[in-house]
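What follows is a short report on a single structure.
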Amino acid sequence: AQSVTQLDSHVSVSEGTPVLLRCNYSSSYSPSLFWYVQHPNKGLQLLLKYTSAATLVKGINGFEAEFKKSETSFHLTKPSAHMSDAAEYFCVVSGPGGYNKLIFGAGTRLAVHP
Amino acid sequence: GAGVSQSPSNKVTEKGKDVELRCDPISGHTALYWYRQSLGQGLEFLIYFQGNSAPDKSGLPSDRFSAERTGGSVSTLTIQRTQQEDSAVYLCASSPTPGADTQYFGPGTRLTVL
């Protein structure tokens, strides 16, 4: 069975400092992994995805994530936080079957302080 | 181009009433998904449609929930005899082809059952 664990429910950083949002996954096969962001009262937006190509994945808005099979991790990072990054972030793994039923982590709420 | 749209954006209903939630996927997308986002359960898969194939209903929480997709485009999620625990944001997503990695999400319908 597939599952996703986001290790922090809340993360708070100062503007201009690095961001690290942690995610561990469990999968019985080679998964596709995603990070989605949800701003208040907005829909989910794809930040980046890993689909068995390069292990370091670059996404939008300066975010990137590294797939580490040995650690079953897919942590999201950004070198310098911006106020507009404040949102909820979801780590997601694709489910079984040929259509990518998505299995979501519980989410990490990122706060960015001036 | 136009994204996934959902209506209504907010719905307040009384316990025991039936509700219908609508999703308009991105034009040409063959796959359509419904998810539910609630405080207690996070984001959960509900149902998946692909073309004329039988839908995957494995995520529907009870037989009070049903969905249809007419003409391979618009989808309606129906909840009969609503209960307070049905209160949640219902999200629709579409993807261009079966097994496509990226799902594009609509803004959701916030359902409140009094």
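Could you list all residues from segment A:23-50 that are among the small types (Gly, Ala, Ser) and under 17 Å from B:ALA93 (Cβ atoms)?
Correct list: A:SER32, A:GLY43.
Mind checking which residues of segment B:17-49 are in a loop (DSSP other than H, G, I, E, B) and under 16 Å from B:ALA88 (Cα atoms)?
Of everything in segment B:17-49, those that are in a loop (DSSP other than H, G, I, E, B) and under 16 Å from B:ALA88 (Cα atoms) turn out to be B:LYS17, B:ASP18, B:LEU39, B:GLY40, B:GLN41.
Using the structure shown, decide if A:VAL4 is assigned to a strand (DSSP E or B), of a type in the set (Val, Ile, Thr) and in contact (Cβ under 8 Å) with a residue 24 or more places away in the chain.
yes
Determine, yes or no, whether B:PHE45 is within 11 Å of chain A (Cβ to nearest Cβ) and open to solvent by less than 50 Å² (accessible area, probe 1.4 Å).
yes
A quick yes/no check of all residues on (1) surrounded by 18 or more Cβ atoms within 10 Å (Cβ to Cβ); (2) of a type in the set (D, E, K, R):
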residue: A:ALA1; (1), (2): no, no
residue: A:VAL4; (1), (2): yes, no
residue: A:GLY16; (1), (2): no, no
residue: A:LYS42; (1), (2): no, yes
residue: A:LYS58; (1), (2): no, yes
residue: A:PHE67; (1), (2): yes, no
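Name every residue in segment B:56-66 that is surrounded by fewer than 17 Cβ atoms within 10 Å (Cβ to Cβ) and not in a strand (DSSP E or B), in order of residue number.
If the condition is that a residue be surrounded by fewer than 17 Cβ atoms within 10 Å (Cβ to Cβ) and not in a strand (DSSP E or B), then B:LYS57, B:SER58, B:PRO61, B:SER62, B:ASP63, B:ARG64 are the ones that fit.
Scan segment A:51-70 and tell me whether some residue there is within 14 Å of another protein chain (Cβ to nearest Cβ) and at positive phi.
Yes, there is a match, as at least one residue in segment A:51-70 is within 14 Å of another protein chain (Cβ to nearest Cβ) and at positive phi.
Pick from segment B:67-114 the residues that are within 14 Å of chain A (Cβ to nearest Cβ) and small (Gly, Ala, Ser): which of them is surrounded by the fewest Cβ atoms within 10 Å (Cβ to Cβ)?
B:GLY99
The values are calculated or read from the model by the stated rules, or taken from the named source; none is laboratory data. Computed from a predicted structure; not experimentally measured. Positions of Cβ are backbone-derived with ideal geometry, glycine not excepted, and every protein chain shown enters the neighbour counts. What goes into the accessible areas is simple: the full protein's heavy atoms, side chains included, and nothing from ligands, DNA or RNA. Shrake-Rupley method; radii C 1.70, N 1.55, O 1.52, S 1.80 Å.
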